[in-house]
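The values are calculated or read from the model by the stated rules, or taken from the named source; none is laboratory data. Being a predicted model, the structure only gives us computed values, none of them experimental. Using ideal geometry, Cβ is built from the backbone for each residue, glycine included, and neighbour counts are taken over all protein chains shown. Just so you know, the surface numbers come from the protein's heavy atoms only, side chains and all, with ligands and any DNA or RNA stripped out. Shrake-Rupley method; radii C 1.70, N 1.55, O 1.52, S 1.80 Å.
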Amino acid sequence: MDDSRLERWRMILGGKEDGTGQSLEGDLAKMDEALEALYDADEKQRRGGLQGSNPKINRWLGDIRTYFPSTVVQILQKDALERLGLQQMLLEPELLEQLEPDVDLVATLISLKNIIPDRTRDTARQVVQRVVKDLEKRLKLPLIQTLKGALNRSVRRSRPKYNEIDWKRTIEKNLKHYQPDYQSIIPEQMIGFGRKGGAKKDIILAVDQSGSMASSVVYASVLGAVMASLRSLRTHMVVFDTEVADLTKHLSDPVELLFGAQLGGGTDIHRALKYCSQLVRRPKDTVLVLISDLFEGGSRERVLQQAQQLHGVGVKLICLLALNDEGKPAFDETLASQLRALGIPVMACSPDAFPSLMAKAIEGKAIA
């Protein structure tokens, strides 16, 4: 086996007693040292290796940013926070500035916001703002374009004004009236997009802010802010644990909205749904998106009763078990099955798939 393959196996297996007998040099040795400090020693040794002083953490952060791509750096940072409890990385502005910002980092910062010292608050807010701007850049345009199309299709007029005519559907509807002599279609029925003033649909986002839903809170805040910018939608943002907080007034500033959340704590879905029911003014024009892993701390029966009541009056109720890119979430399968039995769609959703999901809900289409 040639040296390059042995080096790869040495990096994969880790540790000096891995059986390959291969030594590492240069950048590979530096990479191996950075990984070893995090993964290879037992917990006591790891804590001594990285937690001894800020210079050690500074050096380690510099090494992982030098030798690994940003996506890997984010994973290593997250593992360092979880495995080693390096909360000081977030409490010192000099260290915080060196971290690779991502959704998980924002979620951690929000959960620690009450203990972040004053000297670090501005830096923490800047980190959150960077991530929010990146998410808006990625998600805003597709969401706005998709929702505008769905809103136009959801309200049609049979006698539209000229600038409201949906020409594609009008032609399709009247093909049978084609006149060969004139080589034209004589439309018997015109189909148009509605342009009524005011909001056409009401959107309510009810977001579980328990610790396991942290990344979903971040994405929901950004997507909610984008929807709130559309005059055709009346958007509400509600977050909950065992209490309910209406953060609708902060939708114009997703960073402020995130700092208004209280990540962690228990879960009372029934209380959240009951509060949201008070916001419903036009049931058949309301989409209520419950974002929760459904681990209810109270009564499941009361959750089901409230959900059935909302569903029964015509509210389009959707349950998202997660709104993130992290794959299959953990959730309460029993409550999920009971909600499905009521005809309520229950699924996980990535932020990139969220626009098409909302478009179907707005248009009243079935959601698998």
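Here L304, L258 are screened, and the one residue that is closer than 21 Å to V103 by Cα and out of contact with any strand residue (DSSP E or B) (no Cβ under 8 Å at 6 or more places or on another chain) is L258. The set of residues in the range 108-154 being in a helix (DSSP H, G or I) and β-branched (V, I, T) consists of T108, I110, T120, T123, V127, V128, V131, V132, I144, T146. Kindly evaluate K249 against the criterion of being under 24 Å from S215 (Cα atoms), basic (K, R) and open to solvent by 50 Å² or more (accessible area, probe 1.4 Å). In short, yes. Restricting attention to the range 287-310, the residues that are within 9 Å of H270 (Cα to Cα), not in a helix (DSSP H, G or I) and not polar (S, T, N, Q) total 2. Residues in the range 344-360 that are under 14 Å from the mean Cα position of the chain (by Cα) and part of a loop (DSSP other than H, G, I, E, B): 4 in all. Scanning the range 110-137 for residues that are open to solvent by 90 Å² or more (accessible area, probe 1.4 Å) and either among the aromatic types (F, W, Y) or over 16 Å from V255 (Cα atoms) (or both) turns up I115, D118, R119. Of everything in the range 165-180 that's assigned to a helix (DSSP H, G or I) and of a type in the set (V, I, T), which residue is least open to solvent (accessible area, probe 1.4 Å)? So the residue we want is T170. Considering D352, D268, which residue is within 28 Å of T108 (Cβ to Cβ) and surrounded by 14 or more Cβ atoms within 10 Å (Cβ to Cβ)? Of D352, D268, the one residue that is within 28 Å of T108 (Cβ to Cβ) and surrounded by 14 or more Cβ atoms within 10 Å (Cβ to Cβ) is D268. If the condition is being part of a helix (DSSP H, G or I) and more than 20 Å from the chain's Cα centre (by Cα), then the range 311-342 contributes H311, G312, E333, T334, L335, S337, Q338, L339, R340, A341.
A count restricted to the range 244-280 and to residues that are in contact with a Gly (Cβ under 8 Å, 6 or more places away or on another chain), free of Cβ contacts under 8 Å to residues at least 40 places away in the same chain and either farther than 18 Å from M227 by Cα or in a loop (DSSP other than H, G, I, E, B) (or both) stands at 6.
Hey, among V313, V289, V303, which residue is surrounded by 14 or more Cβ atoms within 10 Å (Cβ to Cβ) and either closer than 26 Å to L151 by Cα or polar (S, T, N, Q) (or both)? Every option except V289 fails the conditions. When the test is whether a residue is closer than 19 Å to M213 by Cβ and out of contact with any Lys or Arg (no Cβ under 7 Å at 6 or more places or on another chain), R271 passes it.
Do we have M11 as aliphatic (A, V, I, L, M), modelled with pLDDT under 60 and over 26 Å from V131 (Cβ atoms) here? The answer is no for M11. Can you report the number of residues in the range 254-280 which are modelled with pLDDT under 95 and among the charged types (D, E, K, R)? Selection size over the range 254-280: 1.
Residues in the range 318-329 that are within 19 Å of Q209 (Cβ to Cβ) and open to solvent by less than 70 Å² (accessible area, probe 1.4 Å): I318, C319, L320, L321, A322, L323, N324, P329. Among (1) under 20 Å from V238 (Cβ atoms); (2) of a type outside the set (V, I, T); (3) at pLDDT 95 or above, which single condition is A341 missing? Just one mismatch for A341, condition (1). Scanning the range 217-243 for residues that are in a loop (DSSP other than H, G, I, E, B), open to solvent by 40 Å² or more (accessible area, probe 1.4 Å) and touching a strand residue (DSSP E or B) at 6+ places or on another chain (Cβ under 8 Å) yields a total of 0.
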